[in-house]
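The values are calculated or read from the model by the stated rules, or taken from the named source; none is laboratory data. These numbers come from a predicted model, not from an experiment. When we count neighbours, we look across all protein chains shown, and the Cβ atoms used for this are built from the backbone with ideal geometry, even at glycine.
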Amino acid sequence: MTRALLLTALVLAGAAPAWAWPQDLMQALNRDARRLLPKSLSRLLAERETDVLAEIQRFPPRLGQAMARDLQAGALSRDTAAALDAEASRVADLLREQRVGEGLVRMGGLLRIPADLADPVLSAGSEGYPAGVVREYYAFLSSNLPKIPVVLEDVDALKLPRRELPAYWTGILERSRPQSPVILAELFRDGRVVDHRRIDYRSPVYGVASLSYSRAVTGIAATWLAVWREAHGDLTRAPKQRVVSPKDAAPPVTLPDHSAPPPEEP
């Protein structure tokens, strides 16, 4: 019993589970979320991309630990949501105090909140997945990312005030957790891990990967905008969202390049 408790403590001592979004997907999330921002804010964050990616890795350990516990339990607790909201409030304070460079980097680091909550791998429960399943899931997502269209899960989320972020973050996890069992069912069959190269867009794994990625992108942009809005940042020249409906015999669509930064402002 003592050994089990010790191992549990060691797991929770980290800022986040070691198998969270890989670095290449974090960078893609960062860049795709910037596409939903006003031109000025998108450019300011793009100029600090290296610092933002480093800040994501420095996410406050106590918050990372609290999120890890809640993700494992499958629900964001009131205390954790309040602590995350307090962190977002501090970032807004930095921006209002004209500590813009520091505030922008700290704001970029808030990416970790919606990204982790949107990742169904992290809410698989205390039992987790058999060895190799997580590796194959992320490998599938990374290799198929150019084929995945990024869609807004909730357009209204981009208009949220900061005080509504805790409830919004709670909803992200509530929508993500039911997708966790799909990963296990599709990538572990007959006692063996399924190679990601054996599945394609027809697999439920593709649906889970597509939904979770778009949910994370939407959540990141919504979080950044809520903090920026509270700091009275420039919200002009925001991109317009295009409603797309399926059409019969539609021509091929150029797929997005998630590895490329957003186009420069003319």
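Within segment 119-135, identify whether any single residue is within 22 Å of Leu29 (Cα to Cα), touching a helix residue (DSSP H, G or I) at 6+ places or on another chain (Cβ under 7 Å), part of a loop (DSSP other than H, G, I, E, B) and not β-branched (Val, Ile, Thr), and answer yes or no. Step through it out loud before you land on a result.
Here is the first cut: in segment 119-135, the ones within 22 Å of Leu29 (Cα to Cα) are 119-124, 133-135.
From what is left, the residues that are touching a helix residue (DSSP H, G or I) at 6+ places or on another chain (Cβ under 7 Å) are 119-124, 133-134.
Restricting the remaining residues to those that are part of a loop (DSSP other than H, G, I, E, B) gives 119, 124.
Those left that are additionally not β-branched (Val, Ile, Thr): 119, 124.
Yes - at least one qualifying residue is present in segment 119-135.
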Original post:
Of the numbered conditions (1) free of Cβ contacts under 8 Å to residues at least 24 places away in the same chain; (2) part of a helix (DSSP H, G or I); (3) surrounded by fewer than 17 Cβ atoms within 10 Å (Cβ to Cβ), Pro146 satisfies every one except a single condition; which is it?
Top reply: (1)
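In segment 186-193, is there at least one residue being farther than 14 Å from Asn144 by Cβ, part of a loop (DSSP other than H, G, I, E, B) and either in contact with a helix residue (DSSP H, G or I) (Cβ under 6 Å, 6 or more places away or on another chain) or in contact (Cβ under 8 Å) with a residue 12 or more places away in the chain (or both)? Even if it seems obvious, please write down each step before you answer.
In the first step, residues of segment 186-193 are kept if they are farther than 14 Å from Asn144 by Cβ; the result is 188-193.
Now restrict to residues that are part of a loop (DSSP other than H, G, I, E, B): 190-191.
In the following step, the residues that additionally are either in contact with a helix residue (DSSP H, G or I) (Cβ under 6 Å, 6 or more places away or on another chain) or in contact (Cβ under 8 Å) with a residue 12 or more places away in the chain (or both) were identified as none.
Scanning segment 186-193 turns up no residue that is farther than 14 Å from Asn144 by Cβ, part of a loop (DSSP other than H, G, I, E, B) and either in contact with a helix residue (DSSP H, G or I) (Cβ under 6 Å, 6 or more places away or on another chain) or in contact (Cβ under 8 Å) with a residue 12 or more places away in the chain (or both).
Taking the options Asp51, Asp32, name whichever one is of a type in the set (D, E, K, R), modelled with pLDDT of 90 or more and either buried (at least 19 other Cβ atoms within 10 Å of the Cβ) or touching a Pro at 6+ places or on another chain (Cβ under 7 Å) (or both). Don't jump to the end; show me each part of the working.
Details: Asp51 fails: either buried (at least 19 other Cβ atoms within 10 Å of the Cβ) or touching a Pro at 6+ places or on another chain (Cβ under 7 Å) (or both).
Result of the check over Asp51, Asp32: Asp32.
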Subject >> Close pairs (6 angstrom Cβ cut-off, 6 or more residues apart or separate chains): in contact (Cβ under 8 Å) with a residue 24 or more places away in the chain in segment 66-79, among the aliphatic types (A, V, I, L, M) and surrounded by 13 or more Cβ atoms within 10 Å (Cβ to Cβ) anywhere >> reply: Ala68/Ala16; Asp70/Leu76; Leu71/Leu122; Leu76/Leu173
Subject >> The listed residue being modelled with pLDDT of 95 or more, more than 30 Å from Ala81 (Cα to Cα) and out of contact with any Cys (no Cβ under 9 Å at 6 or more places or on another chain), out of Pro161, Pro204, Pro181 >> reply: Pro204
Original post:
Within segment 250-266, restricting attention to residues that are among the hydrophobic types (A, V, I, L, M, F, W, C) and under 22 Å from the mean Cα position of the chain (by Cα), which residue is modelled with the highest pLDDT?
Top reply: Ala260
Subject >> segment 119-153, subset within 16 Å of the chain's Cα centre (by Cα) and among the polar types (S, T, N, Q), residue nearest to Gly64 (Cα to Cα) >> reply: Ser123
Original post:
Taking segment 224-249 as the region of interest, how many residues are of a type in the set (Gly, Ala, Ser) and either at pLDDT 80 or above or not in a loop (DSSP other than H, G, I, E, B) (or both)?
Top reply: 3
**OP:** Please state which of the following conditions Glu174 fails to meet, knowing it meets all the rest: (1) of a type in the set (D, E, K, R); (2) within 17 Å of the chain's Cα centre (by Cα); (3) buried (at least 17 other Cβ atoms within 10 Å of the Cβ).
**Re:** (3)
